[in-house]
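Contents: one structure, followed by commentary.
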Amino acid sequence: MARSPSRGQGDGPTDHGTGDLRTRSAAGRRVLLCAVLGSGMAMLDGTIVTVALPRIGSDFDVPITDLQWILNAYMLTLAGLILLGGGLGDRYGRRRVFVWGVVWFTVASVLCGIAPTGDVLIAARALQGVGGALLTPGSLALIQSTFHPDERAKAVGLWSGLGGVAIAFGPLIGGWLVDGPGWRWIFYINVPVAVVVLALARGVPETRDWEASGRFDVLGAALAALSLGGVTYALINAPALWALGAGVVLGALFVWRERRAARPMLPLGIFRSKLFTATNVVTLCLYAAIGGVFFLLPTQLQNGLGYDALHAGLASLPVTLLMTTLSGPAGALAQRIGPRLPMTVGPLIAAVGLALLYRVHPGGSYWTDVLPAVTVQGLGMSIFVAPLTATVLASVETRRAGVASGVNNAAARVAQLVAVAALPLVIGLSTDQYRSATAVDAAFGKAVLICAALMVLGAVLSWFTVPGTLRQEGPGPQRGHHCAVDAPPLESGPGEGEGTKGGRAKGAGPGDS
């Protein structure tokens, strides 16, 4: 690989598509395994923690608001800093920042495991999200910048498929750990995985964008995270009008900042694309529904139906298995027939699955009540996830595909953040009720209907805003199908980024502070 003559041996190649690794080579397999295991830690977190929430609430004797914060503290820092994390990788080296993220995530995981109180656990989860913001964009960036252009699509496809397997086993592993050694081990399990990842990372080539310059938009990232935090606090701890007002004001300051920054974290000009804006609104609807269901379903199964953690985790396994198996074929079908139909039909089918969850009551049967619902839900999600990602990337110029994918990933996580914060308030599940089987059952029925309605809204918006065919100017980035449940993928491609000649990892956007 070509190296900058002005850099030392330990630095790395410029990021101009000069990677030459092959998937069949030992070095290529090492990079792929390192990226899969690294991103797998963050992916597992999204499925394991929800299964453990009822047990955590019981052990700490905390209200449902604390359980909401245990999820949202992580998503808050991750969503607010993920674009900044991609920019750090471009500037200081993708492998280096990826390693920083792995170490940070692991230390924070240990802090989660030893947390003596719910408040300490919430703080540790926020730190874990910071590590995830460094780790997540770096994972796929390693593949994109080190593999030969002819091999990138295959490598990304393997990354997606193997990552889907990790997610599929998340509920099983989480339930087994919660029922066995205890819920703290859902965090300790990251330690041995991190040791393997760090050992593998020693042989991963370093890459960066030598032309990245200017200061990072740290102020923009801080305003975004604080704004989300204010709105989230207001929803969870309602009524808290002061927090809502602060969140709105900080959000307005964030927009003002991004309009005037020389190199903003979020270039607002990207929203001039009506299709990009509309597709992100669709993303908010669909992922809010997904986040709401996966937050409340384990509680309904454990507190309402009396499942243990292992069986509650296994209950939703068909969703991930279907997405792992069908996302690839669904993406290929969407390439042939266009995205409008899959992005309309998929959410409608998922809405039917969510509505079927209304039949899940104490004393019901898994085989006749739960399984049909999660199967239909998983089928619908398998149909729309890959076309949604492709539409976002095709809605802007190829050079901006990285930041477009970053915004879409952040939108999905913000949607889940708001859903987890707002749903208990909307459905009337109070702090004193969430351990009552009757109260949880009544609230869960309302929640799944609300989530089904969000899916229908996303389908309607897709039908009226998404074209039947997509065209993108210039050669597009190498893409792989995505099968994760928690958010769209972080992708990068040749020529991405703002104001540079070299490619930029997804989410990259060094800005001005």
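The values are calculated or read from the model by the stated rules, or taken from the named source; none is laboratory data. All figures in this text were calculated on a predicted structure; none of them were measured in a lab. Every residue, glycine as well, gets a Cβ built from its backbone with ideal geometry; the counts of neighbours run over all protein chains shown. When the accessible area is computed, the model is the full protein with side chains, heavy atoms only, and any ligands, DNA or RNA have been set aside. Shrake-Rupley method; radii C 1.70, N 1.55, O 1.52, S 1.80 Å.
Taken over region 333-367, the criterion of being surrounded by 20 or more Cβ atoms within 10 Å (Cβ to Cβ) and outside any helix (DSSP H, G or I) is satisfied by 339, 360.
Within region 91-104, at least one residue is open to solvent by less than 10 Å² (accessible area, probe 1.4 Å), over 22 Å from residue 229 (Cβ atoms) and touching a strand residue (DSSP E or B) at 6+ places or on another chain (Cβ under 6 Å).
With respect to the stated conditions, residue 390 is small (Gly, Ala, Ser), open to solvent by 20 Å² or more (accessible area, probe 1.4 Å), part of a helix (DSSP H, G or I) and touching a residue at least 24 places away in the same chain (Cβ under 8 Å). Sub-7 Å Cβ pairs linking a first residue in region 34-51 that is within 20 Å of residue 309 (Cβ to Cβ) and among the β-branched types (Val, Ile, Thr) to a second residue that is open to solvent by 20 Å² or more (accessible area, probe 1.4 Å) and assigned to a helix (DSSP H, G or I), at least 6 apart or interchain, are 48/173; 50/294, ordered by first then second residue. Residue 396: assigned to a helix (DSSP H, G or I), open to solvent by less than 20 Å² (accessible area, probe 1.4 Å) and not polar (S, T, N, Q), yes or no? Criteria not met by residue 396. Taking the criterion of being more than 15 Å from residue 115 (Cβ to Cβ), in contact with a helix residue (DSSP H, G or I) (Cβ under 8 Å, 6 or more places away or on another chain) and open to solvent by 60 Å² or more (accessible area, probe 1.4 Å), the only residue of region 180-197 that qualifies is 196. Among the residues making up region 259-298, those that are modelled with pLDDT under 85 and open to solvent by 40 Å² or more (accessible area, probe 1.4 Å) are 262, 263. Screening region 412-437 for residues that are modelled with pLDDT of 85 or more and surrounded by fewer than 22 Cβ atoms within 10 Å (Cβ to Cβ) and picking the one that is nearest to residue 279 (Cα to Cα) gives 418.
Among the residues of this structure, residue 125 does not count as one that is open to solvent by 10 Å² or more (accessible area, probe 1.4 Å) and either farther than 27 Å from residue 152 by Cα or assigned to a helix (DSSP H, G or I) (or both). Return the residue satisfying two criteria in turn: it lies in region 160-176 and is over 16 Å from residue 322 (Cα atoms) and buried (at least 24 other Cβ atoms within 10 Å of the Cβ), and of such residues it is modelled with the highest pLDDT. Selected residue: 175.
When region 57-90 is filtered for residues that are within 23 Å of residue 407 (Cα to Cα), over 18 Å from the mean Cα position of the chain (by Cα) and open to solvent by 10 Å² or more (accessible area, probe 1.4 Å), only 88 remains.
Taking region 184-244 as the region of interest, the helices (runs of 4 or more DSSP H) fully inside it that hold 2 or more residues being among the aliphatic types (A, V, I, L, M) are 190-201, 218-236. With respect to residue 480, determine if the residue is buried (at least 24 other Cβ atoms within 10 Å of the Cβ), at pLDDT below 90 and not in a helix (DSSP H, G or I). Yes: the conditions hold for residue 480. Just one of the listed residues (310, 301) is of a type in the set (A, V, I, L, M, F, W, C), open to solvent by less than 40 Å² (accessible area, probe 1.4 Å) and more than 23 Å from residue 391 (Cα to Cα), namely 301. The residues of region 296-332 that are closer than 18 Å to residue 286 by Cα and not in a helix (DSSP H, G or I) amount to a single one, 316.
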